[in-house]
Every structure is written in C-alpha cells, then in structure tokens.
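Before any comments, here is the structure.
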Amino acid sequence: MNDNLKQSTGIRILIFLVILLISGLIGVAASAIFMFAGDTGMKLGQGISSIFMFVVPPIVYYFITRKEHQMRDLGLRKLSPPWWLILIGAILMFISLPVSNLLTEWNEGMKLGGAFQILEDMMKTLEQTATDLTERMLNVDTIGGLLLNLVIIALIPAIGEELTFRGVIQQALTRKMNPHVAIILSAAIFSFIHFQFYGFLTRMFLGMLLGYMFYITGSLWTSILMHFLNNGSAVLIYYLNNKGIINVDVDHFGATQSVWLIIVSAMVTIGLIAWSWIKAQPKKQAETTPLTPPAGNN
C-alpha cells in the first residue's frame with residue numbers, strides 16, 4: 001500500500017466504510033439463518049451480525065492499509081502506567097449515571113411535529129422495535145442465559161464497537177483535527193449508527209466518555225472494559241430482576257430527581273476526565289516528542 005493512501009484520512013475512512021458495508025451485509029445474511037431458531041438462535045444470529053459488522057471490518061481495514069500488520073495500531077496496546085487510569089474509567093461509568101439519565105429524559109421528550117411528524121413516527125417505530133428486541137433478549141432467568149447474554153450483548157459489542165469507533169474512526173480523525181473535536185465527532189457517529197434516535201444524546205455522551213479515556217490512556221482495553229461494564233451491568237440487572245432478587249427500574253437505573261445530585265455527577269465526571277487528562281500529559285508528550293541527538297554528533 002502506497003504512502004499517500006496511508007496518509008490520506010478521507011481515503012482511509014472511505015475504504016473502511018466500504019469494508020464495513022460489505023462485511024455488514026455478509027453478517028446480516030449469515031444471521032438470517034438463525035432467524036427462526038427461537039430465542040437462542042436469535043441471539044446467536046445477533047452475535048454473528050455484530051462480529052461481521054464491528055469486529056471483522058477494523059481487522060480487514062488494517063491489513064489493507066498498513067504495511068506492518070500490528071494489531072496495536074488499532075489501539076490494542078498494553079496499558080502502561082499510571083495504572084489507576086483504567087479504574088477511573090470504570091468509576092466514570094457509574095458516577096455519570098445521573099447525567100446519562102437526564103440526557104435520556106430530554107431525548108425521550110423530544111417532539112418534532114408539523115412537517116417532521118412522519119420522521120418522528122418513523123423514529124419512534126425504530127426505537128420501539130429495538131426496545132422490544134432488547135427486552136426479548138434480556139428476558140432470561142438461568143445462568144446459561146445470563147452468560148450467553150454477557151457474551152452477545154456485552155462482550156462482543158464492547159470489543160467490536162471500540163475497535164470500530166475508537167480504534168479506527170477516532171484515531172483517523174485525531175490525526176487531522178483537534179482531539180476534543182475528534183472525540184466528540186466520533187461519539188456522534190457512534191450514536192447515530194445505532195439508529196435509536198431517542199437515545200442519541202445518552203449514547204453520544206457514553207461515546208465521549210469512552211473516547212476521552214481511550215485517548216488519555218492510549219489503550220483500547222480501557223474503553224473496552226468501560227463499554228463491557230456499561231452493557232454487562234444492564235444484562236446483570238435484568239437477570240436479577242427476572243429472578244426476583246432485586247426490584248429496580250432497569251431502564252432508568254441511577255436516575256434521580258435531585259438537581260444537586262445531577263450537578264455533582266456532572267462535576268465529578270468532568271473533574272475525573274480533566275484530572276486524568278492532566279496526569280497523562282507528560283507521558284503522551286514523551287511518546288510524541290522526537291529524540292534530539294546530543295550536540296556535536298553529526
């Protein structure tokens with residue numbers, strides 16, 4: 001692959017989108033085989049579709065656009081000190097819940113009406129279809145069902161979506177623009193591609209948290225863990241609810257009507273990201289600053 005292709009962000013993203021489209025279509029076709037095989041078959045089909053949509057394209061993309069096929073170029077780098085940054089990422093997933101739920105409330109209250117009524121009705125239909133499918137998948141009360149859901153709903157999306165949106169898209173954008181803009185833009189793309197518009201703000205907010213912690217730590221394993229915790233918590237809470245062990249409102253877990261708790265949640269979330277950013281700067285500068293040869297050595 002020539003150097004111009006390696007350096008052109010636009011061409012690289014176009015190549016990736018083509019790979020994403022082809023692989024996604026293959027995944028949909030493959031998952032259709034399991035469509036009428038009951039709930040377990042539906043889950044297996046969903047898992048296959050997720051793998052072809054989000055796991056396969058980044059890997060194929062890097063084998064096409066890189067001379068040296070190193071998976072660390074996707075962000076799959078070993079996490080290096082300071083180690084506690086990955087703990088900060090995990091804490092953020094729970095500290096930010098009041099803010100996340102507030103964004104969900106705003107999003108669900110969105111009304112277009114007028115000339116956009118048809119669009120609004122279509123968006124609501126897509127949202128309800130996605131909700132019904134998710135609830136059907138989560139409606140389990142056995143250990144086997146729980147473990148299968150953790151793999152299909154939590155693990156595969158955590159790996160695949162982080163490879164795609166942070167490993168490929170965010171890194172490609174970061175090479176050409178301010179990292180904050182790249183993180184926000186890739187988070188918006190991450191949210192949009194799920195086609196659940198009444199959860200757009202919440203998912204974009206999640207994408208920003210994942211994007212910032214990936215950029216700060218330089219390791220995709222951080223955002224994969226955070227993503228897994230987010231999805232896995234929902235899977236576990238649904239299971240415990242179905243077993244009658246707990247009784248909580250799963251769809252609004254962590255919500256609060258207290259303005260002060262929401263403000264504290266927002267401040268702590270921003271503060272932890274800012275603090276992590278500052279703490280990681282010396283290491284990032286050392287990684288990007290070229291070595292200067294000693295004076296007199298020509």
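The values are calculated or read from the model by the stated rules, or taken from the named source; none is laboratory data. All values derive from a computational prediction rather than experimental measurement. Methodologically, a virtual Cβ is constructed for each residue, glycine included, from the backbone with ideal geometry; neighbour enumeration extends over all protein chains shown. In case anyone asks, the SASA skips ligands and DNA or RNA and just uses the protein heavy atoms, side chains included. Shrake-Rupley method; radii C 1.70, N 1.55, O 1.52, S 1.80 Å.
Among the residues of region 241-258, those that are closer than 20 Å to Met137 by Cβ, open to solvent by 40 Å² or more (accessible area, probe 1.4 Å) and of a type in the set (A, V, I, L, M) comprise Ile245, Ile246, Val248.
A search for C-beta distances below 6 Å between a residue of region 74-94 that is farther than 21 Å from Thr269 by Cβ and open to solvent by less than 10 Å² (accessible area, probe 1.4 Å) and any residue that is in a helix (DSSP H, G or I) and of a type outside the set (Ser, Thr, Tyr), counting only pairs 6+ apart in sequence or on different chains, returns Leu74/Pro58; Leu74/Leu163; Leu74/Gly167; Gly75/Gly167; Gly75/Leu220. Scanning region 241-258 for residues that are free of Cβ contacts under 8 Å to residues at least 12 places away in the same chain and not in a loop (DSSP other than H, G, I, E, B) returns Asn241, Asp251.
Would region 247-264 turn up any residue that is among the hydroxyl-bearing types (Ser, Thr, Tyr) and within 15 Å of the chain's Cα centre (by Cα)?
Taking region 247-264 first, the residues among the hydroxyl-bearing types (Ser, Thr, Tyr) are 256, 258.
Of the ones still in play, those that are also within 15 Å of the chain's Cα centre (by Cα) are none.
Within region 247-264 (the criterion being among the hydroxyl-bearing types (Ser, Thr, Tyr) and within 15 Å of the chain's Cα centre (by Cα)), the answer is no, since none of the residues qualifies.
Quick one: how many residues across region 165-186 are assigned to a helix (DSSP H, G or I) and free of Cβ contacts under 8 Å to residues at least 12 places away in the same chain?
Here is the first cut: in region 165-186, the ones assigned to a helix (DSSP H, G or I) are 165-174, 179-186.
If we keep only those that are free of Cβ contacts under 8 Å to residues at least 12 places away in the same chain as well, we get 180-181.
Qualifying residue count for the region: 2.
In region 210-221, is there at least one residue being in contact with a Gly (Cβ under 6 Å, 6 or more places away or on another chain) and under 18 Å from Arg72 (Cα atoms)? Walk me through it before giving the result.
Kept after step one, since they are in contact with a Gly (Cβ under 6 Å, 6 or more places away or on another chain), are these residues of region 210-221: 213, 220.
Retained after the next criterion (residues that are under 18 Å from Arg72 (Cα atoms)): 213, 220.
Taking every residue of region 210-221 in turn, at least one turns out to be in contact with a Gly (Cβ under 6 Å, 6 or more places away or on another chain) and under 18 Å from Arg72 (Cα atoms).
Counting the residues of region 259-277 that are modelled with pLDDT of 95 or more, under 20 Å from Tyr215 (Cβ atoms) and either open to solvent by 80 Å² or more (accessible area, probe 1.4 Å) or not in a helix (DSSP H, G or I) (or both) gives 1. Cβ-Cβ distances below 9 Å connect no pair with a first residue in region 1-25 that is within 11 Å of Pro58 (Cα to Cα), a second residue that is exposed (fewer than 12 other Cβ atoms within 10 Å of the Cβ) and modelled with pLDDT under 85, and a separation of six or more residues or different chains. The residue of region 27-67 that is nearest to Ile156 (Cα to Cα), among those that are without any contact (Cβ under 8 Å) to a residue 12 or more places away in the chain and open to solvent by less than 40 Å² (accessible area, probe 1.4 Å), is Gly41.
Is it the case, given these coordinates, that Glu105 is under 18 Å from Arg203 (Cβ atoms) and either modelled with pLDDT of 85 or more or open to solvent by 60 Å² or more (accessible area, probe 1.4 Å) (or both)? The answer is yes for Glu105. I'd like to check something: does region 135-149 contain any residue that is under 19 Å from Phe54 (Cβ atoms), open to solvent by 10 Å² or more (accessible area, probe 1.4 Å), at pLDDT 90 or above and part of a helix (DSSP H, G or I)? The answer is yes; a qualifying residue exists. Counting the residues of region 151-192 that are surrounded by fewer than 18 Cβ atoms within 10 Å (Cβ to Cβ) and either under 17 Å from Asn230 (Cβ atoms) or in contact with a strand residue (DSSP E or B) (Cβ under 8 Å, 6 or more places away or on another chain) (or both) gives 1.
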